[in-house]
């Protein structure tokens, strides 16, 4: 079962936005998807509670009587949304199960510096565990100094850059209704779906 982990020790970089839309894409392809929420804020679980019944189903962890959790029966793909501050043993545990890791970060000098060491850790684990790791720029605005700085930083990290998702309220609007870009067909979301094509190609590879 492919396990896709969305991780960055920095909070507020768009992990839940990325994780929910990855889950939405996989569900739209007919896969049995579990969205696991390892974040204490439980953002992904809250989002699942808002998800309407007419769109492809996405499951959450199945809790057992002894307090452990497991994917629900029929799960073929798992997406894990991770908490801020992920490092050490907690990072090691997540990486044991990961097939692919996507690191989102915003065009902020604070986010860039906070993420640099984490990317170094992932590169070490990538070599030892064979986990595929890639980067995605979040909430970017073309033509800004901040986005140019982010491009420059990512270009020196020697990891695949899957793209730059624009700063738009579309994600906020969809999340408020438990939806993703892949649940709606309106033309207003077409530009955002186009930006997802390199991410989709990497997920499907």
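The values are calculated or read from the model by the stated rules, or taken from the named source; none is laboratory data. Everything numeric here is computed off the predicted structure, so don't read it as measured data. Neighbour counts are summed over all protein chains in view; Cβ atoms, including those assigned to glycine, are modelled from backbone coordinates with ideal geometry.
Restricting attention to segment 179-195, the residues that are in a loop (DSSP other than H, G, I, E, B) and at pLDDT below 95 add up to 2. When segment 120-131 is filtered for residues that are surrounded by fewer than 20 Cβ atoms within 10 Å (Cβ to Cβ) and either assigned to a helix (DSSP H, G or I) or at pLDDT 90 or above (or both), the ones remaining, listed by number, are 120, 121, 123, 124, 125, 126, 127, 128, 129.
Rundown of residues vs (1) under 26 Å from residue 1 (Cβ atoms); (2) crowded, with 17+ Cβ neighbours inside 10 Å; (3) touching a strand residue (DSSP E or B) at 6+ places or on another chain (Cβ under 6 Å), yes/no style:
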site	(1), (2), (3)
150	no, yes, yes
162	yes, yes, yes
183	yes, yes, no
197	yes, no, no
201	yes, no, no
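Total residues in segment 23-46 satisfying the condition of being in contact with a strand residue (DSSP E or B) (Cβ under 8 Å, 6 or more places away or on another chain) and in contact (Cβ under 8 Å) with a residue 24 or more places away in the chain: the figure is 15. Taken residue by residue, segment 76-93 has no member that is buried (at least 19 other Cβ atoms within 10 Å of the Cβ), farther than 27 Å from residue 197 by Cβ and at pLDDT 85 or above. Taken over segment 1-20, the criterion of being touching a strand residue (DSSP E or B) at 6+ places or on another chain (Cβ under 9 Å) and either at pLDDT below 90 or closer than 21 Å to residue 166 by Cα (or both) is satisfied by 6, 7, 8, 10, 13, 14, 15, 16, 17, 18, 19, 20.
Taking the stated definitions as given, is residue 115 surrounded by 11 or more Cβ atoms within 10 Å (Cβ to Cβ), touching a strand residue (DSSP E or B) at 6+ places or on another chain (Cβ under 7 Å), in a helix (DSSP H, G or I) and in contact (Cβ under 8 Å) with a residue 12 or more places away in the chain? Yes. The set of residues from segment 134-145 being out of contact with any strand residue (DSSP E or B) (no Cβ under 8 Å at 6 or more places or on another chain) and either on the phi < 0 side of the Ramachandran plot or crowded, with 18+ Cβ neighbours inside 10 Å (or both) comprises 144, 145.
In a residue-by-residue description of segment 165-173, the property of being at pLDDT 95 or above and within 19 Å of residue 5 (Cα to Cα) applies to at least one position.
So, residue 180, is that one in contact (Cβ under 8 Å) with a residue 40 or more places away in the chain and more than 16 Å from the chain's Cα centre (by Cα) or not? In short, no.
Among the candidates 103, 13, the residue that is touching a helix residue (DSSP H, G or I) at 6+ places or on another chain (Cβ under 7 Å), in contact (Cβ under 8 Å) with a residue 60 or more places away in the chain, farther than 16 Å from residue 180 by Cα and part of a strand (DSSP E or B) is uniquely 103.
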